[in-house]
Amino acid sequence: MDIRQKKKRKKAIVSEMIALYCKKNHGTDGLCHDCAALDAYARERTERCPFTETRAFCSGCTVHCYREEMRERIRAVMRFSGPRMLFYHPLMLLRHVASTAVGKMKGSH
């Protein structure tokens, strides 16, 4: 998978996780103002990330490019949505896990 595809998938996953969090915690069909801002911020950080090829998750990175407030907000989203992705977006989750596993086997993580 090339870097553009990898970034596109990462952005799609984070957007789905934020949407799930917002729907279940804020009762919205779309994104509320705060979650829309978090989504835009996370997508921008993913797009600018120079380490996309060498790491699977932001939590495993030694360089924290998220501002502290946004880091705390995205952690809350990940804690809530991560386990639920299996029920709401199983194929997306399985693709993500598989690509992460392949990357680790190749030694790129």
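The values are calculated or read from the model by the stated rules, or taken from the named source; none is laboratory data. This structure is a prediction, so every number in the text was calculated from the model and none was measured. Here Cβ is always computed from backbone atoms with ideal geometry, including for glycine, and neighbour counts include all displayed protein chains. Remember, those area values only see protein heavy atoms, side chains included, never the ligands or the DNA or RNA. Shrake-Rupley method; radii C 1.70, N 1.55, O 1.52, S 1.80 Å.
Structure summary
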{"item": "Nearest 10 degrees, 0 to 90: helix 68-88 Cα axis against the chain principal axis", "result": "90"}
{"item": "Residue-span extension gain [Ala37 to Arg71] - 0.36 nm each, minus C-alpha spacing", "result": "11.0 nm"}
{"item": "Assigned charges on the beta-carbon of Lys, Arg, Asp, Glu; the chain dipole about Cα centre (debye)", "result": "380"}
{"item": "For the range 13-71: relative contact order, % (alpha-carbon pairs under 8 angstrom, 6 or more apart)", "result": "26"}
{"item": "Surrounding net charge for Lys23, when Lys and Arg each add one and Asp and Glu each subtract one, Cβ distance under 12 Å", "result": "0"}
{"item": "Label zone at Met92, where the point sits 7 Å out along the Cα-to-Cβ direction: the range 1-16 residues whose backbone N lies under 12 Å", "result": "9-16"}
{"item": "Relative contact order, percent, the chain [alpha-carbon distance under 8 Å, six or more residues apart]", "result": "31"}
{"item": "Acute angle (nearest 10 degrees) that the helix 3-26 long axis makes with the longest principal axis of the chain, alpha-carbon atoms", "result": "30"}
{"item": "Evaluated at q = 0.13, 0.15 Å⁻¹: base-10 log I(q)/I(0), Debye formula over Cα of the range 1-65", "result": "-0.38, -0.50"}
{"item": "Rounded percent of accessible protein surface that carbon and sulfur make up, the chain, 1.4 Å probe", "result": "57"}
{"item": "Square roots of five times the Cα gyration tensor eigenvalues for the chain, Å", "result": "23, 17, 12"}
